[in-house]
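Participant: Here it is, the structure in full.
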Amino acid sequence: MLSEKYITSSCTISKGIVSKNGSNLFEGQDSDTSAFLLSIYQHFKLNYPKFYKMDNLSKLGWLTSEILLKDDFKPHLYQPEQVGVVLANANSSLDDDIKYYASVSDVPSPSLFVYTLPNIMIGEICIRNNFKGEHALFVQEKFDADFIETQVNYLLDNDLLEACICGWVDVLEHDYKAMLLLVEKEKGEQALPFSKDNMNSIFINN
Amino acid sequence: MSSTAYIAGVGVISAIGNNVPEHLAAFEREEASMGEITMLDTIYHGKIPVAEVKLKNNELANMTGMPPDISRTTLLSLVAAQEALTDAGIPDLNKLRTGFVSANTVGGMDKSEDFFIDFIKDNSKGKLKNVYDHECGSVTEIVAEKLGLKDYMTTISTACSSSANAIFYGARLIKNDVLDVVVAGGTDALTKFTLNGFNTLMILDPEFCKPFDEHRQGLNLGEGAGYVVLVSDKVAKTLNKAPYCKLSGYNNSNDAYHQTASSPDGTGSYLAMKGALEKSGLRPSDIDYINLHGTGTPNNDSAEGTAITRVFDPKYPPVSSTKSFTGHTLGASGGVEAVFSVLAIKNGLIYPNLRFEIRMTELPFQPETKFRKGQNITHVMSNSFGFGGNCTSLIFSKI
């Protein structure tokens, strides 16, 4: 069944700015990625000690999802199996892979090793929110809105999911960019139609 | 619809034997198989014990009629799957709908490691043939073709619960009348990739492992393959010998707690055991033996032990970890231990948990330490718990 789908919330973290639904919420002062991510955590007064254990990719994805979902996501509307995650990025877990590889010459670090897969980021988001639906992470050179649209439409049109978080979360050393969208079947207050053009415009403008 | 998935044949290869009779003999001798690394070129020679299959690749190739330069994962798979299929002796197999559901986690990584040594020095070097079968599914395809299992094949890779999941997926294909015969289980060869990975996690025991012991220090890596042949009601009636048992219960549940560790209270393993019991319609007190996941890591044995306490207290069946013989064969372990579970029912066996000395302080039960035969074993539970909290329990029952 084809159904209408809406972007009911969006959040981007890019170029030192955290933005939600088109409004800038926070501007960081740190040029270092780790310090910037920590400043976001502190600014939004988040309380999740596991954050400190995560690699930068998981931190970036997790922070974006926290801000995306805050106030705009109603967990009681869905069963855990009805919410899924479809993400893409260009650098997989390379940011952490490089740090892990550097640790190998001394004592290989177990805490770096367990983040040497990009889909661990999805695990962190799902564990936090008790999401148990389908999920996938694709490694692609550039953000491909067409591709994401196809994937998410398939999951929602076939009733495999009722809501889906989708987008792009990429980090490699000083470069990072995250855009997450909450896609639902019910039109919310600030909802945009879920389309590749709307995805591209949010991605490009942030 | 077939109401039941029967086990009509079994096959296994591991460090303690190259076939079923050799395994039974090793269990009776209470003889473990760990030793120094001989097959891998690694800096951990003499430092980390492993449980290697005692045949070199060319010997495995001779046994199977395959070329010696293919992945050891494939060679091990073919030996055990062939034994299982021969054991089942299904009449007119080629007229039935047949499938191969095979699990592994390393695929052709052993060959890719050979490729990389030359390639990393000069990216115009390295034999591409060595990476051609890198992907896990390649192992399954080669073996399915060789065995003539033509109608359906798939590969399952869910870490250490892989082949337990393959077996119950195979049973579901039979119960839903998709196939008549499924060879299901898994295979994994030792590789530098797994040795280094587990070593990084600091969960390898520098001595021989001691599952469920208070002073356990970690696991020993092993290698091998184990398969069962699952058949429908209709096929079971045509067999020349009675099926060994049936797969009466199964469940897969997830911890969603940590990338590699189990949750301390064993939530995933508790749900898997409880779900498998519900599926089979059995009570905890009906289980006559549990083949533990029992890796020997502090985390697994503590979480699994806690979960068993939650399910079985106050009456505990005999339990043991056969990984004290075979090492942890990773993606193959669910298949290898399913074969041991079937043999426990057929031959009335309880396997010993080698090197056990001191009961874990937090547990009110301890594993069996002596090989016992002539037991009346009707229902066996086999646990396989994987990284990411992917937990599976299977229950095999006498017919």
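Bear in mind these aren't lab numbers, they're just calculated from the coordinates by the rules spelled out. On a predicted model such as this, the values are computed, not experimentally measured, just so you know. Glycine also receives a Cβ, built like all others from the backbone with ideal geometry; neighbour counts cover every protein chain displayed.
Participant: What net charge do the residues around residue A:53 carry, taking every other residue with its C-beta under 14 Å from that of residue A:53, with Lys and Arg at +1 and Asp and Glu at -1? Intermediate results must be reported in sequence, preceding the final value.
Facilitator: Working: positive: A:50, A:59, A:99, A:128; negative: A:55, A:96, A:124.
Every neighbour counted, the sum reads +1.
Participant: Along the charge dipole of segment B:139-234, pointing to its positive end and built from +1/-1 on Cβ of Lys, Arg, Asp and Glu, which listed residue (B:197, B:157, B:174) has its Cα farthest out?
Facilitator: Farthest towards the positive end: B:174.
Participant: Give me the distance in nm between label points sitting 7 Å out from Cα along the Cα-to-Cβ direction at residue A:134 and residue A:157, one decimal.
Facilitator: 1.2 nm
Participant: With a sphere of radius 10 Å drawn around the Cβ of residue B:330, what net charge do the other residues whose Cβ falls strictly inside it have (Lys, Arg +1; Asp, Glu -1)? Before the final figure, lay out the partial values.
Facilitator: Details: positive: none; negative: B:188, B:223.
Within the 10 Å Cβ shell, the charges total -2.
Participant: Using a simple charge model, +1 on the beta-carbon of Lys and Arg, -1 on the beta-carbon of Asp and Glu, nothing else, what dipole does the protein assembly as shown show about its Cα centre, in debye to the nearest 20? Before the final figure, lay out the partial values.
Facilitator: On the way: 53 positive and 72 negative charges, 322 e Å.
I would put it at about 1540 debye.
Participant: Let me ask something else. Between residue A:138 and residues 5 or more places away or on another chain, which pairs have amide H atoms under 5 Å apart, with H built 1.01 Å from N, and which residues are they?
Facilitator: Sorted by chain and number, the residues that satisfy this are A:87, A:88, A:89.
Participant: Non-local amide H neighbours of residue B:385 (under 5 Å, H modeled in plane, Pro and chain starts lacking H): which ones?
Facilitator: B:392
Participant: Treating only the Cβ of Lys, Arg, Asp and Glu as charged (+1, +1, -1, -1), what charge dipole size does chain B show about its Cα centre? Round to the nearest 20 debye. Mind dumping the intermediate values first?
Facilitator: Working: 36 positive and 43 negative charges, 189 e Å.
Charge dipole of chain B: 920 debye, to the nearest 20.
Participant: Using the Cα centre as the reference, give the magnitude of the dipole from point charges on the C-beta atoms of segment B:6-236 (Lys, Arg: +1; Asp, Glu: -1; all else neutral), rounded to the nearest 20 debye.
Facilitator: Magnitude of the dipole: close to 480 debye.
Participant: Another question, if that's okay. How tilted is helix A:56-69 with respect to the longest principal axis of chain A? Cα atoms for both, answer in degrees (0 to 90, nearest 10).
Facilitator: 30 degrees
Participant: Right, here's the next one. Give the distance, in whole Å, between the Cα centre of segment A:97-150 and the Cα centre of segment B:137-205.
Facilitator: Between the Cα centres of segment A:97-150 and segment B:137-205 lies a distance of 24 Å.
Participant: Further, regarding this structure: Just B:199, B:18, B:165 to compare: in a GNM of chain B, with alpha carbon springs under 10 Å, which one fluctuates most?
Facilitator: Ranking B:199, B:18, B:165 by mean-square fluctuation puts B:199 first.
Participant: If you take the charge dipole of the protein assembly as shown about its Cα centre, with +1 on Lys and Arg Cβ and -1 on Asp and Glu Cβ, which of B:4, B:364, B:40 is farthest toward its positive end?
Facilitator: The one lying farthest along the dipole's positive direction is B:4.
Participant: Once the Cα atoms of helix A:145-157 and of chain A are each reduced to a long axis, what angle between those two axes, in degrees from 0 to 90 to the nearest 10, is obtained?
Facilitator: 60 degrees
Participant: What are the ³J(HN,Hα) couplings of segment B:146-152, residue after residue, when phi is run through the Karplus curve with 6.51, -1.76, 1.60 and θ = phi - 60°? Round to Hz, x for glycine and proline.
Facilitator: Those phi angles translate into 4, 8, x, 8, 9, 8, 7 Hz.
Participant: Can you put B:105, B:140, B:260 in order, fewest other beta carbons within 10 Å first?
Facilitator: Working: B:105 25, B:140 28, B:260 19.
Placing the least packed residue first, the sequence is B:260, B:105, B:140.
Participant: Follow-up. At what distance in angstrom do the alpha carbon centres of segment B:72-118 and segment B:341-370 lie from each other?
Facilitator: One Cα centre to the other: 30 Å.
Participant: Now a separate question. So what J values fall out for segment B:302-316 if you push phi through Karplus, 6.51 cos²θ - 1.76 cosθ + 1.60 with θ = phi - 60°, rounded to Hz, Gly and Pro as x?
Facilitator: Calculated HN-Hα couplings, in order: 5, 5, 5, x, 4, 5, 5, 4, 5, 7, 9, 3, x, 10, 9 Hz.
Participant: Going by C-beta contacts inside 10 Å, put A:166, B:160 in order with the fewest on the left. Don't skip to the end; give the middle numbers.
Facilitator: Details: A:166 24, B:160 29.
Ranking A:166, B:160 by Cβ neighbours within 10 Å, fewest first, gives A:166, B:160.
Participant: Among rounded, prolate and oblate, which fits segment B:6-236 when a ≥ b ≥ c are the square roots of the eigenvalues of its C-alpha gyration tensor, a/c under 1.5 means rounded, and a/b larger than b/c means prolate?
Facilitator: Details: a/c = 1.92, a/b = 1.34, b/c = 1.43.
It is oblate, given that a/c is not under 1.5 and a/b is not larger than b/c.
Participant: Still on this structure, please answer the following. Per residue of chain B, what 222 nm ellipticity follows from adding -39500 (n - 2.57) for every DSSP H run with n ≥ 4, rounded to the nearest 500?
Facilitator: Rounded to the nearest 500, it is -10500 deg cm²/dmol.
Participant: For segment B:248-397, just say rounded, prolate or oblate: build the C-alpha gyration tensor, square-root its eigenvalues into a ≥ b ≥ c, call rounded for a/c under 1.5, and beyond that prolate if a/b exceeds b/c, oblate if not. Walk me through the numbers on the way to the answer.
Facilitator: Numbers: a/c = 1.38, a/b = 1.20, b/c = 1.15.
Rounded, because the longest to shortest axis ratio a/c is under 1.5.
Participant: Next up: Going by a ≥ b ≥ c, the root eigenvalues of the Cα gyration tensor, does chain B fall in the rounded group (a/c under 1.5), the prolate group (a/b larger than b/c) or the oblate group? Write down the numbers at each step before the final one.
Facilitator: Details: a/c = 1.60, a/b = 1.08, b/c = 1.48.
Note, shape of chain B comes out oblate.
Participant: Summarise the partner chain shielding of A:105-114 as one whole number: the mean count of Cβ atoms from other chains within 10 Å of each residue's Cβ.
Facilitator: Numbers: counts 0, 0, 2, 6, 2, 7, 1, 1, 7, 7.
Mean inter-chain Cβ contacts per residue within 10 Å come to 3.
Participant: Find which of A:48, A:166, A:131 sits farthest along the positive direction of the dipole of segment A:6-204, computed with +1 on the beta-carbon of Lys and Arg, -1 on that of Asp and Glu, about the Cα centre.
Facilitator: Farthest along the dipole direction, towards plus: A:48.
Participant: Also, I was wondering about something else. Take chain B, connect every pair of alpha-carbon atoms lying under 10 Å apart with a spring to form a Gaussian network, then pick out the residue of B:285, B:269, B:71 with the largest mean-square fluctuation.
Facilitator: Top of the fluctuation ranking is B:285.
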